[in-house]
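Enquirer: The structure is given below, and queries will be raised subsequently.
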Amino acid sequence: MPSVFFFEDECEDKFLLGNKGANLVTMTKLGLPVPPGFIVSIEAYREYQRSGKLPLEELRRALSWLQKKTGKKLGDGLSVSVRSSAPASMPGMMDTVLNLKDEDKIISAVKRVFDSWDNLRAVEYRRLNKIPSDLGTSAIVQAMVLGNKEKNSGTGVVFTRNPNNGQKRLFGEYLDRAQGEDLVSGKRTPQPIETLRLQMPEVYAELERVADILERHFRDMQDVEFTVEDGKLYVLQTRSGKRSGRAAVRIAIDMVKEGIISPEEAILRLTPEDVRALLYKQLKPPVQYRPVAQGLSACPGAASGKVVFDPLEADTKARLNEAVILVRPETSPEDIQGIHAAEGVLTSRGGLTSHAAIVTRAMGKPCVCGAETLNIDLKEETLTIGDLVIRKGDEITIDGDTGNIYLGALPLQEAEATTELKELMSWADSYKRLGVWANADTVEMILQAKKFGAEGIGLCRTERQFNSPERLSAIREFILAQTPAERSEAINHLQRLQKEDFIDIFRALDGMPIIIRLLDMPLHEFLPSEEETTDPQVKERLRELREVNPMLGHRGVRVGVTFPEIYQMQIDAISEARAEVPANVAIMVPQVITVQELLWVKKYIKDPALKVGIMMETVRACMRAGKLAQEADFFSFGTNDLTQAVFSFSREDVERKFLTTYLELGILEHNPFQILDIKGVGRLMETAVSWARKEKKTLEIGVCGEHAGEPLSIRFFHRIGIDYVSCSPFRIPTTKLVAAQAALEQKGAPISAPSESAAKDASSVS
């Protein structure tokens, strides 16, 4: 196999030529105006890594060919650029060398590009973006065209659609009489791409034609670099454009309507992060605050935080859970760690295609760039706007939708669902098999869940209803009651309060099904700590209720067995509320380990229409799933507690003390409380599902733990036949998307890049 490939060759393998190189071959085949050149392959890079040798003979022959092709000689009218080209996009992370006119210098330049694969910023970028370190890079050697000539020349970067909102029109920037590096470095603030339309309308029209050809060929929005030399357009590079989540959704939907892609492809190419970005925080209206400055709206969403000027300090503070805004004159690839850590980014230089704009757009972080009225002093760590001096640690708010910068931390709110999101969700609903329900404990949360398209409430935690002062006081009266009469009076008071809550909830449901979990918390958690009280009765009761390990102690159904009046009260309150406001209600019993507990609770139920199910969160319940299925109307896996039980982990303790070390050392691949441990917890769940369905084929089985909204875990739940997942209201849109992707992938639909990475098993340990 040759080590050097020409743009005019047939090979378009991105794993041999890299994305950039493969696309240059494609554009040449499409007949687009591409300056000629060749690619030193990724295999040549690997040989260089092994032996330190380049294919010098092939390189020299290729340079001789390039001189014949252009009719110019090196150093006499011909100069070349040498750039990197990896299979995964890594903008600005590796070296680029321009204006080379000597054969020997071109050959050190190729080495320099190969060596830059392992520079610090490239290594960090791969780590943050989960790009394999063994992919390698090719080196592109291309004849240069000069945008810095005196007349009808310039350079630009253009997106075929707006990367912020997805609007179908050219979006980008142009620098008159400049080279590409002048633009992407941010050293000169460019002009909007419309400037090219005014200066050279014919070139602009040609650029629009090229953009349409590229979009329809690659079937995606493109990020195109171009140069104009003496009034002639040259296309130097194209790649799929980085875009905000809002833009990604709109572009996918519009391309379906334009016949470029199918609805299935639109579903598969979007990521959960794209959909989540539609729910970006925004400034609460009406915005009565006066901005202190304004820049360019580089990436949408609003963010508040303390001003930090140093990227490493941003990373340090973020690890301490401090919200920070990274402020820089301009960002560079070396700043990647700080950008990743910050809530948002603010720069005084650079345009909408600068490094800061591209990287934050890819990460989904609010960004305001090119705010030229800002005077940033990195040494003194101050930001000056006229007479206003903002110092490190002062709070600011940036709005990536308007480019406005505000002093102080302004109130933010979640975004409303857009028309595009609703359309995307309708497609997802038509493909997915998994039901998507919501965890909601209050009327407000139920209304929120309905707004985002929940199909039911899969977990209503009754202990959350005791948080208000009146209800907390009432349950404390019950816990502290000294006589049967006091206890009876307290429980009756609680029942009236619970009934009121359930009536309000059932009205908000308006026919939507709900699963209400009976009390799960240990009783002592409703009492103040010994340090907070001087009441001797409370202190004495606390001592009686105190447990060595409350998570494994007197909680859940065990409270219902030992204090039967509590569960009886809750069930009666539900029945009485349902008599006044008809509702589709099921009751779930937590912490079950044996069928006798379930039968004990079922004795309290007088309403035959009430379904009774089990929260599967103990190992013994999973091992007795067949027997429990005989008596239960449904199962719902509580994966948070089940993970604790399987790992013998106390979540709060392990996350505080040693989980980070385990993840850094690779002992665990993922935090098992965030991504389901498939090889342990998942296998136990799969076994329980199998045994339960053997006893009762129609048994409905759901998942209501935190993993119910996590993409990798959702795919596993789809695979093992779970009927529905129940997540927080704001995770409903992303959960629906992933559920649809899982169904399409199972049917053999072509998987786009985002889904490929997400389809891997979320195995934590071997």
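Enquirer: State the number of residues belonging to segment 603-618 that are outside any loop (DSSP other than H, G, I, E, B) and surrounded by fewer than 16 Cβ atoms within 10 Å (Cβ to Cβ).
Expert: Going through segment 603-618, the residues outside any loop (DSSP other than H, G, I, E, B) turn out to be 611-616.
The next check asks that each one be surrounded by fewer than 16 Cβ atoms within 10 Å (Cβ to Cβ); those that pass are none.
So the answer is 0.
Enquirer: Quick check: anything in segment 633-650 among the aliphatic types (A, V, I, L, M), assigned by TED's automatic domain parsing to the domain that holds Val589, outside any helix (DSSP H, G or I) and modelled with pLDDT of 95 or more?
Expert: Taking every residue of segment 633-650 in turn, none turns out to be among the aliphatic types (A, V, I, L, M), assigned by TED's automatic domain parsing to the domain that holds Val589, outside any helix (DSSP H, G or I) and modelled with pLDDT of 95 or more.
Enquirer: Considering each residue of segment 9-32, count those that are modelled with pLDDT of 95 or more and more than 37 Å from the chain's Cα centre (by Cα), and give that number.
Expert: Going through segment 9-32 one residue at a time, the tally reaches 1.
Enquirer: Among the listed residues Leu542, Leu480, which satisfies the condition of being out of contact with any Ser or Thr (no Cβ under 6 Å at 6 or more places or on another chain), modelled with pLDDT under 90, outside the structural domain of Ala454 (by TED's automatic domain parsing) and over 19 Å from Ile571 (Cα atoms)? So that I can check it myself, show each step before the final result.
Expert: Details: Leu480 fails: outside the structural domain of Ala454 (by TED's automatic domain parsing).
From the options Leu542, Leu480, the qualifying one is Leu542.
Enquirer: Name the residues in segment 483-516 that are under 15 Å from Asp441 (Cβ atoms), of a type outside the set (Val, Ile, Thr) and part of a helix (DSSP H, G or I), would you?
Expert: Across segment 483-516, the qualifying residues are Leu497, Gln498, Glu500, Asp501, Phe502, Asp504, Phe506, Ala508, Leu509.
Enquirer: Let me ask another. Could you tell me whether segment 637-650 includes any residue that is without any contact (Cβ under 8 Å) to a residue 40 or more places away in the chain and more than 17 Å from Val619 (Cα to Cα)?
Expert: No, segment 637-650 contains no residue that is without any contact (Cβ under 8 Å) to a residue 40 or more places away in the chain and more than 17 Å from Val619 (Cα to Cα).
Enquirer: All but one of (1) touching a residue at least 60 places away in the same chain (Cβ under 8 Å); (2) surrounded by fewer than 13 Cβ atoms within 10 Å (Cβ to Cβ); (3) in a helix (DSSP H, G or I) hold for Glu470; which doesn't?
Expert: Of the numbered conditions (1) touching a residue at least 60 places away in the same chain (Cβ under 8 Å); (2) surrounded by fewer than 13 Cβ atoms within 10 Å (Cβ to Cβ); (3) in a helix (DSSP H, G or I), the odd one out for Glu470 is (1).
Enquirer: Okay, moving on. Looking at Gly666, Gly682, can you tell me which residue is of a type outside the set (Ser, Thr, Tyr) and on the phi > 0 side of the Ramachandran plot?
Expert: Working: Gly682 fails: on the phi > 0 side of the Ramachandran plot.
Within the list Gly666, Gly682, the selection yields Gly666.
Enquirer: Here's a follow-up. Does segment 9-38 hold any residues that are under 20 Å from Ser240 (Cα atoms) and of a type in the set (A, V, I, L, M, F, W, C), and which are they?
Expert: Cys11, Phe15, Leu16, Leu17, Ala22, Leu24, Val25, Met27, Leu30, Leu32, Val34
Enquirer: I'd like to check which helices (runs of 4 or more DSSP H) are fully inside segment 156-255 and have at least 2 residues that are more than 30 Å from Thr347 (Cα to Cα) and modelled with pLDDT of 95 or more. Please lay out each step first, then the result.
Expert: Numbers: elements: 180-184, 194-199, 201-218.
Helices (runs of 4 or more DSSP H) meeting the threshold: 201-218.
Enquirer: Look through Leu320, Leu283 and report the one residue that is farther than 13 Å from Ala342 by Cβ and modelled with pLDDT of 85 or more. Give the derivation first.
Expert: Numbers: Leu283 fails: modelled with pLDDT of 85 or more.
Among Leu320, Leu283, only Leu320 is farther than 13 Å from Ala342 by Cβ and modelled with pLDDT of 85 or more.
Enquirer: Sort out for me the helices (runs of 4 or more DSSP H) sitting completely within segment 674-752 that have 3 or more residues that are within 24 Å of the chain's Cα centre (by Cα). Even if it seems obvious, please write down each step before you answer.
Expert: On the way: elements: 683-695, 711-719, 732-746.
Result: 711-719, 732-746.
Enquirer: OK, next. Cβ-Cβ below 8 Å, separation at least six or inter-chain, first residue in segment 160-178 and without any contact (Cβ under 8 Å) to a residue 40 or more places away in the chain, second hydrophobic (A, V, I, L, M, F, W, C) and part of a loop (DSSP other than H, G, I, E, B): which pairs?
Expert: Between residues of segment 160-178 that are without any contact (Cβ under 8 Å) to a residue 40 or more places away in the chain and residues that are hydrophobic (A, V, I, L, M, F, W, C) and part of a loop (DSSP other than H, G, I, E, B), the close pairs are Tyr174/Ile193.
Enquirer: Now for a different question. Looking at segment 153-167 only, could you name the residues that are crowded, with 16+ Cβ neighbours inside 10 Å and out of contact with any strand residue (DSSP E or B) (no Cβ under 7 Å at 6 or more places or on another chain)? Break it down stepwise before answering.
Expert: Initially, segment 153-167 is screened for residues crowded, with 16+ Cβ neighbours inside 10 Å, giving 153-166.
Listed by number, the residues that qualify are Asn165, Gly166.
Enquirer: Within segment 36-51, does at least one residue satisfy the condition of being without any contact (Cβ under 8 Å) to a residue 12 or more places away in the chain and out of contact with any helix residue (DSSP H, G or I) (no Cβ under 9 Å at 6 or more places or on another chain)?
Expert: Kept after step one, since they are without any contact (Cβ under 8 Å) to a residue 12 or more places away in the chain, are these residues of segment 36-51: 50-51.
Now restrict to residues that are out of contact with any helix residue (DSSP H, G or I) (no Cβ under 9 Å at 6 or more places or on another chain): 50-51.
Within segment 36-51, one or more residues are without any contact (Cβ under 8 Å) to a residue 12 or more places away in the chain and out of contact with any helix residue (DSSP H, G or I) (no Cβ under 9 Å at 6 or more places or on another chain).
Enquirer: Right, here's the next one. Which of the residues spanning segment 20-34 are part of a helix (DSSP H, G or I) and either β-branched (Val, Ile, Thr) or touching an Asp or Glu at 6+ places or on another chain (Cβ under 7 Å) (or both)? Full working, then the answer.
Expert: From segment 20-34, those part of a helix (DSSP H, G or I) are 20-29; that's our starting set.
Matches in segment 20-34: Ala22, Val25, Thr26, Thr28.
Enquirer: Go through the residues of segment 589-598 one by one and say whether even a single one is assigned to a helix (DSSP H, G or I), under 29 Å from Asp501 (Cα atoms) and modelled with pLDDT of 95 or more. Can you show your working first?
Expert: Step one: filter segment 589-598 for residues assigned to a helix (DSSP H, G or I), giving 595-598.
From what's left, under 29 Å from Asp501 (Cα atoms): 597-598.
Narrowing the set further to residues that are modelled with pLDDT of 95 or more leaves 597-598.
Checked segment 589-598: at least one residue is assigned to a helix (DSSP H, G or I), under 29 Å from Asp501 (Cα atoms) and modelled with pLDDT of 95 or more.
Enquirer: Scanning for something over 18 Å from Tyr567 (Cα atoms) and surrounded by fewer than 18 Cβ atoms within 10 Å (Cβ to Cβ), does segment 488-502 turn up at least one residue? Give the steps one after another, and end with the answer.
Expert: Just the residues of segment 488-502 that are over 18 Å from Tyr567 (Cα atoms), to begin with: none.
No: segment 488-502 contains no residue that is over 18 Å from Tyr567 (Cα atoms) and surrounded by fewer than 18 Cβ atoms within 10 Å (Cβ to Cβ).
Enquirer: A further question follows. Out of Ile587, Ile593, I need the residue that is aliphatic (A, V, I, L, M) and either surrounded by 22 or more Cβ atoms within 10 Å (Cβ to Cβ) or over 30 Å from Asp653 (Cα atoms) (or both). Which one?
Expert: Selected residue: Ile587, the only one of Ile587, Ile593 that is aliphatic (A, V, I, L, M) and either surrounded by 22 or more Cβ atoms within 10 Å (Cβ to Cβ) or over 30 Å from Asp653 (Cα atoms) (or both).
Enquirer: For segment 301-398, give me every one of the strands (runs of 3 or more DSSP E) that falls completely inside it and has 3 or more residues that are over 28 Å from Leu175 (Cβ atoms) and in contact (Cβ under 8 Å) with a residue 12 or more places away in the chain.
Expert: Details: elements: 302-308, 324-328, 344-347, 367-369, 375-377, 382-385, 388-391.
Here the list reads 302-308, 388-391.
Enquirer: Residues in segment 373-392: is at least one surrounded by 13 or more Cβ atoms within 10 Å (Cβ to Cβ), closer than 18 Å to Asp223 by Cβ, of a type in the set (D, E, K, R) and under 31 Å from the mean Cα position of the chain (by Cα)?
Expert: no
Enquirer: Limited to segment 439-462, what total is found for residues that are under 19 Å from His524 (Cβ atoms) and either without any contact (Cβ under 8 Å) to a residue 60 or more places away in the chain or among the aromatic types (Phe, Trp, Tyr) (or both)?
Expert: First, pick out the residues of segment 439-462 that are under 19 Å from His524 (Cβ atoms): 461-462.
Filter again for either without any contact (Cβ under 8 Å) to a residue 60 or more places away in the chain or among the aromatic types (Phe, Trp, Tyr) (or both), leaving 461.
Summing the residues that are under 19 Å from His524 (Cβ atoms) and either without any contact (Cβ under 8 Å) to a residue 60 or more places away in the chain or among the aromatic types (Phe, Trp, Tyr) (or both) in segment 439-462 gives 1.
The values are calculated or read from the model by the stated rules, or taken from the named source; none is laboratory data. What you see is a predicted model; the values in this text were computed from it and never measured. Here Cβ is always computed from backbone atoms with ideal geometry, including for glycine, and neighbour counts include all displayed protein chains.
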